[in-house]
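**Student:** Would you mind keeping the following structure in view while I ask a few things?
The values are calculated or read from the model by the stated rules, or taken from the named source; none is laboratory data. In this text the structure is predicted, and so the values were computed from the model without any measurement. Neighbour counts run over all protein chains shown; Cβ positions are idealised from the backbone, glycine included.
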Amino acid sequence: MKASICSAVNVNDPTIIQNFVNMEHRILQNIFPQHILEHMNKLTSETSSHFSRQNISSVRSLEAASGPNRQECDVKQEKEQESFTMSMPSRDTRDTKDRRDPRDRRDSSDPSDPSDPIDIRNTRIRQSMDFENTSRECNDVAIMFLDIVGFTSLASSLSAKQTMYVLNKLFVLYDDLSSDFDVYKVETAGDCYIACHGIFEENVFPHRMSTQQRDCKRNSNPLKSTRTILAFAEEVIQKTKTLKFRCFDFPIQIRIGMHIGPVITGTIGSKLPKFSMFGDVMNVASRMESTSRPNSIQVTREFYEYVKDEAPWKKNEDVYVKNKGNMRTYICEFV
């Protein structure tokens, strides 16, 4: 994969390189919020400074050498380079090491050892991107869970390619609407689409905001968050009803559940690190969605208190939520 990407880029054309870098930046901005990108940028700057200091030190050592000492210094440098080259494992050696039993492998990288920049970088990436460095507590976050009614039976009647076509068409629509309503898309899981509002003060484009504005714990606005995510959900239902698909001739129905409460956000994992959020509010919102009705929005009493005048709500039957008991809910149906 690495070779195919590099071969597709003309490294002698600065315009192509710049376009390639800009594309990478746009992709990253759609995957991670700004404070995660700031961690990555800080990591890159610190790593670059580490090796720049080494290079400057080497150049100064050469400049200090003159006359007979210069020749002696050159010989010493050649010996160090030869020793370094001999110490570097060949491709075959690395492949053999990678094929060993994982139980026999040992992490011999030392962040303070300047002789192995690859291990230094990997170690510092892990340290910079771990949960402790990237996690944030956020109060009053409005969470929305959405799924497709009857998706399991629908998928069983379609090919895998058709199923992906349907989900992609729906989720691209929801992504576009999330930008219009300044709603943050959390993730998708199968046919479930999860979004929220309130982890950033103003909107989902945190690279436009100051550090103070991104302090979501201090700047929560539950009234705005609930009304924004509700307006987004209403538009999602209306737009979904108008979609046409070439692989079937009936309209898609969705159901939505919402709740509001505190969450903690951060990146999870070291391979394909994922920006995630956790909290009891996620479980409750998921339960609101799974017990909702087709083309309807079901919310908890906490959520309802902020939006009671924003839609024609009906008091619903109490819903049992694991570890919470029966919860009073309200529902709004869109015929």
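**Student:** Quick check on region 315-329. Is at least one of its residues farther than 17 Å from TYR193 by Cβ, in contact (Cβ under 8 Å) with a residue 40 or more places away in the chain, touching a strand residue (DSSP E or B) at 6+ places or on another chain (Cβ under 7 Å) and not in a loop (DSSP other than H, G, I, E, B)?
**Tutor:** Checked against the condition, which is being farther than 17 Å from TYR193 by Cβ, in contact (Cβ under 8 Å) with a residue 40 or more places away in the chain, touching a strand residue (DSSP E or B) at 6+ places or on another chain (Cβ under 7 Å) and not in a loop (DSSP other than H, G, I, E, B), region 315-329 yields at least one hit.
**Student:** Taking ASP182, is it at pLDDT 95 or above and among the acidic types (Asp, Glu)?
**Tutor:** Considered against the rule, which asks whether it is at pLDDT 95 or above and among the acidic types (Asp, Glu), ASP182 comes out as no.
**Student:** Oh, and also: Pull out all pairs, ordered by first then second residue, where Cβ-Cβ is under 7 Å, the residues are six or more apart or on different chains, the first lies in region 268-286 and is closer than 16 Å to ASP140 by Cβ, and the second is among the basic types (Lys, Arg).
**Tutor:** Partner pairs satisfying both residue conditions: VAL284/LYS324.
**Student:** Where residues in region 135-154 are aliphatic (A, V, I, L, M) and within 21 Å of PHE181 (Cβ to Cβ), which of them is surrounded by the fewest Cβ atoms within 10 Å (Cβ to Cβ)? Before you say what the answer is, go through the steps one by one.
**Tutor:** If we filter region 135-154 for residues that are aliphatic (A, V, I, L, M), which is where we start, we get 141-144, 146, 148-149, 154.
Checking the rest, the ones that are also within 21 Å of PHE181 (Cβ to Cβ) come to 141-144, 146, 148.
Values: VAL141: 29, ALA142: 32, ILE143: 30, MET144: 27, LEU146: 25, ILE148: 21.
Among them, the one singled out is ILE148.
**Student:** So in region 259-314, with the set limited to residues that are of a type in the set (Ser, Thr, Tyr) and part of a helix (DSSP H, G or I), which one is surrounded by the most Cβ atoms within 10 Å (Cβ to Cβ)? Steps first, please.
**Tutor:** Within region 259-314, the first condition is being of a type in the set (Ser, Thr, Tyr), and the residues that meet it are 265, 267, 270, 276, 286, 290-292, 296, 300, 304, 306.
Filter again for part of a helix (DSSP H, G or I), leaving 286, 290, 304, 306.
Working: SER286: 18, SER290: 14, TYR304: 22, TYR306: 19.
Applying the filter and picking the extreme gives TYR304.
**Student:** The conditions are (1) assigned to a loop (DSSP other than H, G, I, E, B); (2) of a type in the set (Val, Ile, Thr); (3) modelled with pLDDT of 90 or more, and ILE237 fails exactly one of them. Which is it?
**Tutor:** Going through the list (1) assigned to a loop (DSSP other than H, G, I, E, B); (2) of a type in the set (Val, Ile, Thr); (3) modelled with pLDDT of 90 or more, ILE237 breaks only (1).
**Student:** Between a first residue in region 124-153 that is closer than 14 Å to PRO273 by Cα and of a type in the set (S, T, N, Q) and a second residue that is at pLDDT 90 or above and part of a strand (DSSP E or B), which pairs have beta carbons less than 9 Å apart while being 6 or more apart in sequence or on different chains?
**Tutor:** Partner pairs satisfying both residue conditions: SER135/ILE264.
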